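The values are calculated or read from the model by the stated rules, or taken from the named source; none is laboratory data. Remember, predicted model here, so these are calculated numbers, not experimental data. Reconstructed Cβ throughout: ideal geometry from the backbone, glycine too, with neighbour counts over all protein chains shown.
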Amino acid sequence: MSQTTGTKIKPTRPWKRTPKQQALITLNLLIGAVVSYLVVLATPMKGKLAYLAIFFIAVIVVNFVESYIKSGLAAAKDSIATSFATAGLIIAVVPIFSILFTIFDRGRAGLNFNLFLHDMKANGPNDPLGQGGLLHALVGSGIMVGIALLISLPIGILTAIYLTEIKGIYSRPIKFLVQAMSGVPSIVAGLFILSAIVFPITKSSSGLMGGFALSILMIPTIARTSEEVLLLIPNDLREAGVALGGTQWRTISLIVVPAAKSGLITATILGLARVAGETAPLVLVSGGGDAVNPNPFHAPMGSLPFYIWKGFTFGTPESIARSWAGIFVLLSLIFLLFIAARTLSGSGSKK
Amino acid sequence: MSTTAPKAKPPVSTPDKREITTKPRFSDKVFRGVATAGGLSSLVILGLILIFLGYQGFQVLRSEGIGFITGSNWQVMQDNAGNTDLAASTFGIAAMLVGTLLCAAMAVVIAVPISVLCALYLTFYAPQFLKKIMVAVIDLMAAFPSILFGMWGFFILMPHVEYWGRLIHKYFSWIPIFKMEIPVFTRSPFVAGVVLAIMIIPIITSVSREIFSQTPLDRVQAAYALGATRWSMIRAVVIPYGKSGVVGGAMLGLGRAMGETVAVYTVLNLVYQINWHVLIGAGGNVASMILLKFGEAGPTETRALMAAGLVLFLLTLLVNSIANTIVSRTGGKGR
């Protein structure tokens, strides 16, 4: 204890797999692969699906036998459960990677720098890929999401403040309603704006209507995430504010909200990511023009989801390649938003 | 203080009890008012959706009555002047309601086992680094726009699912819903169900994972101390604890799947008929029908579509409310 020895004692890690166990696992997988290959050769079954299914069954059986010999029936059952749980994760994750790969693979063809400089005013969706672009869609999406943000941010955060700080008599029903609102189908939001504003008042589609429809979908996301964030702020801060003689308004505006700032920004970003790709309401209410239209109050306005939608429904190889390029851009944006939200909430929680 | 009988009281007089009240300042009153108004906005918006869709759809709903939900004809008749004749036209959304429930139920049946296994793996099996990455990836997947799932489903997934459909048809055609006379496998409700399942896997997974991770640690450790393997611990402790939470998560997924528009529109061959046979390439759901018919709809048909939207809204609201009640009762945050 008193004298330091030269040799460093490494902490042991008994839970880590020894090379022997690792080799056994590899051997099991190998046996499974060989068995599945042989079975597919011997029986009339064919195709990738057959390989996978038989491989899965073979691995389960091999693992079962191994653990049964080593540790008995309970361990053998446990090994089956482990195999199934792992398979569940793999099945859940395969589509994600397939989607990401597909977008990268097919979106590449339509990507070029012109995309961000031109709109489709002079080009049809069937023109060669180098011509035209999605500038109008980017501008339109930006404006509509911006309008939605302007409406939803105050309402969402006020709702969260009402639920966490004021805790009035309506807290429980409002919590319930916000949850119910987050389940409103996007097409219903579009229909609502149509029935409430477009048909009786404006009689024409415009970017503003798109922003309204998106805000209905955005409010619950912002409200619920902000509520969680505000709940994490320790009560000591609020008490300190009140003890210093602050009114509730000053305590919340000068202490609680600044303390939760990064979390609230995260909530906002998640709200943006939620609505950036909404297609159905925009198809109904925003029209979707082909030229850059910076005025949300007048004339149809294009948007990224609408651009993708139009390319897909047009149905020629060029237009579909355009759609994939549009999806590539849209998903890159969502991805960036997501990373921003993660980084912010990560740095917020460390403090 | 009273001064009526000072000598009768003991020398150390205790002051009367004071009631401490704060009078809210003006700024506080304003602030509370504003926040309450903000909080009530969700009530206002939901109420307005109900009122406006009901108002627009009222005419059609009144002329169709209960037939709007039970009938499966959608015929727009025009009189000689070219206007829509409401009395002669029939609007019934039963075919699409059946399609909605069929696709959504199929999605839930496919997604629940996968999501629960995935959540179990992430909570109890995964190494820490893998867990972090996978949770982020699955959260990201929940933010994918539905048109992306639609296009991916149409171009990439559909050939595979058609093949699975053929296999199912070959071996399980004795089950009524898998029966089909004419072998048309493309763009069937089965494909839509699989795409919807992939869309709701992230939701069900994250709700289940949250519930599973709240399993009381002492019970988990007690099970291990009694010599349970991981699987017997899960069966004895986690599943009884998290069962209702998983049900709630599944219903949230159901609600999302029922309201899905674009993904279903892209992969499904929209045909206006009641079709129980999931492998046959014809079907639809309410949301995608609204999108399909909206483009060429006249004023009256648009009103009928509003009424259909109202039915869809009420249906999803019901499912979501039940789901959220279940999830929040088990301690989760819901979606």
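From the list A:198, A:178, A:188, exactly one residue is farther than 21 Å from residue B:38 by Cα, of a type in the set (Val, Ile, Thr) and facing another protein chain (nearest Cβ under 7 Å). Which is it?
A:188
I'm told residue B:252 meets every condition in (1) surrounded by 24 or more Cβ atoms within 10 Å (Cβ to Cβ); (2) within 19 Å of residue A:309 (Cβ to Cβ) except one. Can you identify the failing condition by its number?
(2)
If you check residue A:213 against the conditions, is it surrounded by 22 or more Cβ atoms within 10 Å (Cβ to Cβ), in the same structural domain as residue A:181 (by TED's automatic domain parsing), in contact with a Phe, Trp or Tyr (Cβ under 9 Å, 6 or more places away or on another chain) and modelled with pLDDT of 90 or more?
yes
When you go through A:98, A:171 one by one, which is the residue that is at pLDDT 85 or above, within 10 Å of another protein chain (Cβ to nearest Cβ) and within 25 Å of residue A:271 (Cβ to Cβ)?
Only one candidate passes the filter, namely A:171.
Take residue A:280 and decide whether it is touching a residue at least 12 places away in the same chain (Cβ under 8 Å), crowded, with 21+ Cβ neighbours inside 10 Å and touching a Leu at 6+ places or on another chain (Cβ under 9 Å).
Spelling it out, residue A:280 is indeed touching a residue at least 12 places away in the same chain (Cβ under 8 Å), crowded, with 21+ Cβ neighbours inside 10 Å and touching a Leu at 6+ places or on another chain (Cβ under 9 Å).
Can you tell me how many residues within the stretch A:214-248 are within 12 Å of chain B (Cβ to nearest Cβ) and acidic (Asp, Glu)?
2
For the stretch B:40-67, give me each residue that is away from chain A (no Cβ under 14 Å) and either under 23 Å from the mean Cα position of the chain (by Cα) or among the small types (Gly, Ala, Ser) (or both).
Within the stretch B:40-67, the first condition is being away from chain A (no Cβ under 14 Å), and the residues that meet it are B:62-67.
If the condition is that a residue be away from chain A (no Cβ under 14 Å) and either under 23 Å from the mean Cα position of the chain (by Cα) or among the small types (Gly, Ala, Ser) (or both), then B:63, B:65, B:67 are the ones that fit.
Considering B:149, B:154, B:185, B:144, which residue is in contact with a helix residue (DSSP H, G or I) (Cβ under 6 Å, 6 or more places away or on another chain) and outside any helix (DSSP H, G or I)?
Unique residue meeting the criteria: B:185.
For residue B:124, state whether it is surrounded by 15 or more Cβ atoms within 10 Å (Cβ to Cβ), in contact with a Ser or Thr (Cβ under 7 Å, 6 or more places away or on another chain), touching a residue at least 40 places away in the same chain (Cβ under 8 Å) and facing another protein chain (nearest Cβ under 9 Å).
no
For a quick check of your reading of the model, give me the residue pairs whose first member lies in the stretch A:203-221 and is free of Cβ contacts under 8 Å to residues at least 40 places away in the same chain and more than 19 Å from residue B:41 (Cα to Cα), whose second is of a type in the set (Lys, Arg) and part of a helix (DSSP H, G or I), with beta-carbon atoms closer than 6 Å and at least 6 apart or on different chains.
none
Please state which of the following conditions residue B:163 fails to meet, knowing it meets all the rest: (1) assigned to a loop (DSSP other than H, G, I, E, B); (2) within 9 Å of chain A (Cβ to nearest Cβ).
It is condition (1) that residue B:163 fails.
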